[in-house]
Every structure is written in structure tokens, then in C-alpha cells.
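The values are calculated or read from the model by the stated rules, or taken from the named source; none is laboratory data. Every value quoted in this text rests on a predicted model; they were computed, and no experiment measured them. Note that we place each Cβ from the backbone using ideal geometry, even for glycine, and neighbour counts take in every protein chain shown. In case anyone asks, the SASA skips ligands and DNA or RNA and just uses the protein heavy atoms, side chains included. Shrake-Rupley method; radii C 1.70, N 1.55, O 1.52, S 1.80 Å.
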Amino acid sequence: MTDAPQIETTSSTEPLITVDVWTDVVCPWCYIGESRLHDAIEAEGLTGQVHLRAHSFELDPTSPVETTKDNVEHLVSAKGLPREQVEQMESQIQEMARELGREYVTGRPMANTRGVHRVMQAIGEAHGVDAATAFFMELQRGYFTGTANPFETEAVIARAVEAGLDEEVARAAHRGDSHDDLVESEVREAASMGARGVPFFLFNDKYTAPGALPLEAFQQALRQIADEARAERAEA
């Protein structure tokens with residue numbers, strides 16, 4: 001198994017394609033979708049020409065802040081699903097991840113993610129969307145590979161500081177003293193485009209795509225959008 005490679009978040013030249021993705025750190029389909037998107041970019045020969053920008057979206061705003069549950073227990077209690085069904089779903093997603101060459105741990109902690117989103121927004125405000133996206137995607141990958149816990153406050157603060165954010169600013173954002181309005185603004189923006197869940201993708205500010213598309217669908221979309229972008233540049 002290999003760690004999920006990163007999609008380019010910065011480029012020395014203007015990217016051919018910009019992909020905005022609304023995502024939550026605990027969303028397994030977001031993890032799968034980002035992996036498929038990366039593979040599609042590579043398959044289409046677009047490495048280094050796609051700029052990924054992460055945006056906030058909470059899958060379950062009602063999740064408790066202080067209490068951390070197992071992800072399976074959370075779905076059993078929150079959705080009323082049989083435990084066997086949830087465990088089977090996790091196994092199926094794990095197999096999808098393995099087919100993509102990605103690690104996927106089926107047993108994970110689960111709690112409210114709002115604090116992580118506020119910290120991401122604080123990083124974005126201080127250092128730009130690329131720094132915020134890198135922070136969030138690394139934390140999400142670590143969550144699903146079992147190497148990071150987004151509900152350990154000190155670990156999240158340490159990662160934010162590594163991203164260049166002042167420690168006190170990070171703590172204030174995490175506990176809810178600031179940046180909640182920016183999280184809410186991004187959630188509303190996604191909803192205004194028809195998003196009812198995540199991942200939700202927006203390509204070049206024109207085309208939306210809900211869900212973790214199949215690899216072939218990502219490739220087709222990237223191919224069409226890249227051809228369109230090249231033609232527009234040729235005419236400019």
C-alpha cells in the first residue's frame with residue numbers, strides 16, 4: 001500500500017483546471033473521491049495543471065463536540081442501521097481504497113468536526129487557500145490511514161502551527177471564538193449550488209459534480225474541461 005499522493009495545490013504557472021471540493025475530514029467518500037480524482041489527473045497527463053481548493057462542509061453538525069465515539073457506533077446510533085450493515089459498508093469502502101492503492105482503517109474515532117473546519121478557515125485567512133487545503137487534506141488522509149486523530153485538540157493545533165498559523169489564533173478558532181462565520185458561508189455556498197452531501201466538486205467555476213465519481217467519469221470530465229480551457233486560451 002502507498003500513502004495517497006497529493007494533488008497539486010500550487011503551481012508556478014496558471015493552472016489549466018481549478019477544482020473546488022467541499023469536504024469533511026471524516027467523510028470516507030471524500031477520501032475515495034480525492035483518490036480517484038488524483039488518479040484521473042495522472043491518467044490524463046494533467047499532473048501539475050490542476051489546482052485543488054478545499055472548502056468546509058459538515059456531514060453531521062449534530063455530532064457531539066466532547067464525546068468521541070467509534071465510527072461504527074456513531075452510524076448505528078445516528079442512522080439506526082444494523083451494526084452488521086455498517087461493518088459491511090466499511091469493508092466495501094476499504095476494498096475500494098485498496099483497489100486505488102490506498103490505506104483505509106475501518107475502525108476510527110468520530111465526533112464533531114466543526115473545530116477542524118474553523119482551524120482550516122483560520123489558516124486560509126492567514127496564509128491562503130493552498131495552505132488551508134494542504135492542512136485539511138493531510139489531516140483527512142491521516143484519519144483514514146490511522147495516523148492522525150482530528151479529535152485530539154493538541155494534535156490539530158500542532159498541525160496548524162506547522163502550517164504557519166499562530167498558536168493562539170489556532171486555539172481560538174478551534175474552540176469556536178472565531179471563523180465560524182466562514183465555515184457557515186462555505187456550507188451555504190455549496191447548498192446554493194445544490195449540494196446535499198460531500199464530496200461536491202466544482203470545475204473551473206462552471207461544472208458541478210456530486211459524489212465520488214468513478215475514475216472513468218473523472219477522466220472524461222477532466223479531458224473535456226481541459227480541452228475547453230486550452231481552446232479558450234488559444235482564442236485569448
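Numbers below:
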| read-out | value |
| --- | --- |
| Reference-scaled alpha-carbon Rg (2.2 N^0.38 Å with N residues) for region 1-129 | 1.19 |
| Helical mean residue ellipticity (222 nm; -39500 (n - 2.57) per DSSP H run of 4+; nearest 500) of the chain | -17000 deg cm²/dmol |
| Average projected area [Cα convex hull, region 96-195], square nanometres | 7.2 nm² |
| Rounded FRET efficiency, nearest 0.05, which uses the C-beta distance separating E103 from A172 and R0 of 25 Å | 0.15 |
| Pairwise label distance in nanometres, R188 with E73, each label 7 Å out on the Cα-Cβ vector | 3.6 nm |
| Contour excess over end-to-end distance, with Cα ends at D181 and R53 and 0.36 nm allotted per residue | 44.2 nm |
| The chain: DSSP helices with Cα axial extent of at least 20 Å and average Kyte-Doolittle hydropathy no lower than 0.5 | none |
| Accessible surface, region 1-136, averaged per residue in Å² (probe 1.4 Å) | 43 Å² |
| Among N112, P82, A173 the positive-end extreme of the charge dipole of region 17-235 (Cβ point charges) | P82 |
| DSSP bridge orientation in the chain - percent antiparallel, rounded to nearest 5 | 60 percent |
| Region 17-71-region 85-150 distance, computed between alpha-carbon centres (Å) | 8 Å |
| Projected-area average for region 17-235 over all orientations - Cα convex hull basis, square nanometres | 12.3 nm² |
| Carbon and sulfur %, accessible surface of region 17-235 computed with the full protein complex present, 1.4 Å | 48 percent |
